[in-house]
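Worksheet: the structure to be examined is printed underneath.
The values are calculated or read from the model by the stated rules, or taken from the named source; none is laboratory data. These numbers come from a predicted model, not from an experiment. Using ideal geometry, Cβ is built from the backbone for each residue, glycine included, and neighbour counts are taken over all protein chains shown. Side chains are part of the model used for accessible areas, which takes the heavy atoms of the whole protein and leaves out ligands, DNA and RNA. Shrake-Rupley method; radii C 1.70, N 1.55, O 1.52, S 1.80 Å.
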Amino acid sequence: MKSLTSHVIAMFGLGVWCFFCCGFLPLAQAQVTESSYAGASALDRIKAAKQALDYVRTIERTHNCTGGTEETLTLNFDHDRWMSYSDPAIRTANYLSKILAIDGDLSALGDDKFYALVRNNVHGGSLIFGSAIALEPDVIAGRTKFCPYAFRDNGSVRAFDIAINYDYQQDSTEWYHAVRISNLSNISVAVDRITIDDQDKVNGTIYLTQPVAAYPDGHWTYPYYDCGGGDIWMTTYSAPIMAQNSEAKVIFRGVATIDIELTNLDINQCDLDENEDSQALDVFRGTHNCQPTTQCVPLKEGFRSGAYLCQCKEGYYFPNTTASEKAFRGSDIDYFFETQNSIVRSQFGFVATQFQCLRCARGCDSCVDSRPCLYQINIAVQALVIFLVSAMILGCIVVSIITFTYRKELVIKTASPIFLQLMCLGAILMCSSVFVLYGEVTSLACTIRIWPYHLGFGVMYGALLLKTWRISVIFKQGGTMKRVNLPDKALLQRLVPLVALVVVYLGVWSAIHPPLAETVKTSKELKFFVCSMSWWSYAMFGVQALLLLVGVYLCFTVRKAPAHFNESKFITWATYNAIILGSFILMLTQFVGMSVGPDVVFVLHMAQQQVFVTITMALIFAPKFWALYRGSSNAEGRVYSNHVVTITGRVKPSLAPSSSRFSESTAVTTRQVAVQCNPDDFLLIAQEDDNSLKVPSASSSSNYMSKYSAKVSPACSEAESLRETNGTRPTSVSDA
């Protein structure tokens, strides 16, 4: 498609010829030049186009076309879209120019020939409504004016001479005068070779010189209303009829015209889309009065103003929800603006609230009424969850306080109090992640949540597994005797890199691809926001599951450790619980919670904390606190001939080996055996009593004693000392 040409400008006015009852009313001359239009702003163009549309509405409403118009309108009208329709006028003009080149005038053609030419141009199903031939004086001998005109009328073609009642030769007749005063010096002149008699070499061939009109040599008029004739809007293309004078100069001798009916062409007042092909009447684009909450949709209603609808934009709905047509008519909006006072009309972009659509409820991409699209969060449910999580955090704080208070009791000391405190800290961090998701989930909340949750998991389960690993190293089965020194400081040095690795991963995750709030729909098509899942999330869950499986292995290795050190059963339960129930709740959240709503998702987040925090804390700390409550610390590690008190306060068979495993034995007077867990070593102490304890001989006692001491060395000399003293003093089996 060509761009709008700068030399074709349009203007509305009255008909060039209105016959019968209305007469012929010329359109006022337009004073628009190329330079004046080029200097006009887009706002000026739209205002000028709206003035033209005002005139269209006036004609439509009153049908009064007797007064004409004196307005000059700067409208850039692209007639090049109708170039193909101009061919009949150009061919007719060139045909008559040939007759003039041969005969010097058109007297040889009878009137019926002229009427046949214009009628032939009109016949057909194109947009051509009428055609005329208008001649200069004396082109036909004895006639000063002659203008046969044919036009379509109710399925037939009518023809008459408009020169009988109308002087088309006056300067105000644009379709004639504009061509007559045009510069013809650049008109192409063709030389045709015509052979009449092949036998006559001298006179049998003649050369005919004639001017030939092309499309740029013609002229398009501004649209006008054919008042009293077809009562339609039209525009006219005029092609020059030319001849040459005695000096071979091209002179004007008349015009041949075609009229394009605009009634069936749609005035599109909507904005021009970048992907849309331009049309001839694009001059009216952007002249609609749709309000900011609506969008213009053109109607195919012909050459009339207001032929558009103002439909609600996405995210808005029509105020009258029961209306059959949920859009504002452009004609109604245009009439409203037309009837406003001049001050309001002069305000470009004036907003008429009565033609505004209403905004949809929050979260709705589209809607038909005010019904909500977002799931309405149940504040009571979420408040209850927050209360329960707060109680969990408070419980963790209480556990931490109790652990610190009784940190010197054997049942707490053997479990490494500092790591129990770290477990409490990790539990509090994991629980606090639920607070971030309270209310409506946002992208910021999703990014913040991963930090306390995954960092807390690393601290809590990292501390649990490291202290289990120490017991595994100390009391592992078999192997050679060696000195093992694993104080709390050494374990902390292993925990710090683990936590640092989690921090680095979370930092990279948050920087490169942070979790965002995404929209999902419930089974009732209500929207709510959840945190997105990505491979970053799945990778972290995979590493955490692997960490828990390592914990299961460590629990297996310490299953035969002394009672005060052996938490393998409870840690194993906690690990299996975290893997199985944790995975189940995670899947339940993804596949069930997402279809129910944010309240259920929030509750499942809390349930996830119950699995990873509450149950694990209960399994690890409840037996210890029960032992403290039963007062087992007063009889810590009380060893009888074949019984020992465990960390739960329960008396069970002693872990001492049977006599069959010893090559020799000795009676040791003792009262109590206490296992002390110090930062640097573990100590096994025998105290006096009337009861006796069988102690292995030097040859067989080393492996047995390695189960009870953090510092393992040959115990021969100590065993001999026990035999010698035979209950006279306490004996320490240690190399410390």
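When the range 121-145 is filtered for residues that are surrounded by 14 or more Cβ atoms within 10 Å (Cβ to Cβ) and under 60 Å from the mean Cα position of the chain (by Cα), the ones remaining, listed by number, are N121, V122, S126, L127, I128, F129, G130, S131, A132.
When the residues of the range 98-120 are filtered to those that are aliphatic (A, V, I, L, M) and farther than 26 Å from R193 by Cα, the one that is most open to solvent (accessible area, probe 1.4 Å) is A116. Only a single criterion out of (1) touching a helix residue (DSSP H, G or I) at 6+ places or on another chain (Cβ under 7 Å); (2) outside any loop (DSSP other than H, G, I, E, B); (3) farther than 28 Å from Y375 by Cα; (4) at pLDDT below 90 is not satisfied by G582, namely (3). What are the residues in the range 129-150 that are closer than 23 Å to V250 by Cβ and part of a loop (DSSP other than H, G, I, E, B), if any? Within the range 129-150, E136, P137, D138, V139, I140, A141, R143, T144, K145, C147 qualify. Scanning the range 232-246 for residues that are open to solvent by 10 Å² or more (accessible area, probe 1.4 Å) and either more than 29 Å from E301 (Cβ to Cβ) or modelled with pLDDT of 85 or more (or both) gives A243, Q244, N245, S246.
Is it true that some residue in the range 84-94 is out of contact with any Ser or Thr (no Cβ under 8 Å at 6 or more places or on another chain), β-branched (V, I, T) and either surrounded by fewer than 17 Cβ atoms within 10 Å (Cβ to Cβ) or at pLDDT below 90 (or both)? There is no residue in the range 84-94 that is out of contact with any Ser or Thr (no Cβ under 8 Å at 6 or more places or on another chain), β-branched (V, I, T) and either surrounded by fewer than 17 Cβ atoms within 10 Å (Cβ to Cβ) or at pLDDT below 90 (or both). Of the set (1) outside any helix (DSSP H, G or I); (2) under 18 Å from V558 (Cβ atoms); (3) of a type in the set (V, I, T), all apply to I471 but (1). Could you tell me whether T209 is over 14 Å from A93 (Cα atoms), touching a helix residue (DSSP H, G or I) at 6+ places or on another chain (Cβ under 9 Å), surrounded by fewer than 21 Cβ atoms within 10 Å (Cβ to Cβ) and β-branched (V, I, T)? Against the criterion (over 14 Å from A93 (Cα atoms), touching a helix residue (DSSP H, G or I) at 6+ places or on another chain (Cβ under 9 Å), surrounded by fewer than 21 Cβ atoms within 10 Å (Cβ to Cβ) and β-branched (V, I, T)), T209 qualifies. Apart from one condition, M606 fits all of (1) in contact (Cβ under 8 Å) with a residue 12 or more places away in the chain; (2) open to solvent by 50 Å² or more (accessible area, probe 1.4 Å); the exception is (2).
Please tell me if Y166 is at pLDDT 90 or above, out of contact with any Leu (no Cβ under 8 Å at 6 or more places or on another chain) and surrounded by 13 or more Cβ atoms within 10 Å (Cβ to Cβ). Against the criterion (at pLDDT 90 or above, out of contact with any Leu (no Cβ under 8 Å at 6 or more places or on another chain) and surrounded by 13 or more Cβ atoms within 10 Å (Cβ to Cβ)), Y166 does not qualify.
Select from the range 291-332 the residues that are part of a loop (DSSP other than H, G, I, E, B), free of Cβ contacts under 8 Å to residues at least 60 places away in the same chain and touching a Phe, Trp or Tyr at 6+ places or on another chain (Cβ under 7 Å) and write down the one among them that is nearest to L358 (Cα to Cα). Checking each candidate, the answer is K326.
A single entry from C364, C396 fulfils the requirement of being in a helix (DSSP H, G or I), out of contact with any strand residue (DSSP E or B) (no Cβ under 6 Å at 6 or more places or on another chain) and open to solvent by less than 40 Å² (accessible area, probe 1.4 Å): C396.
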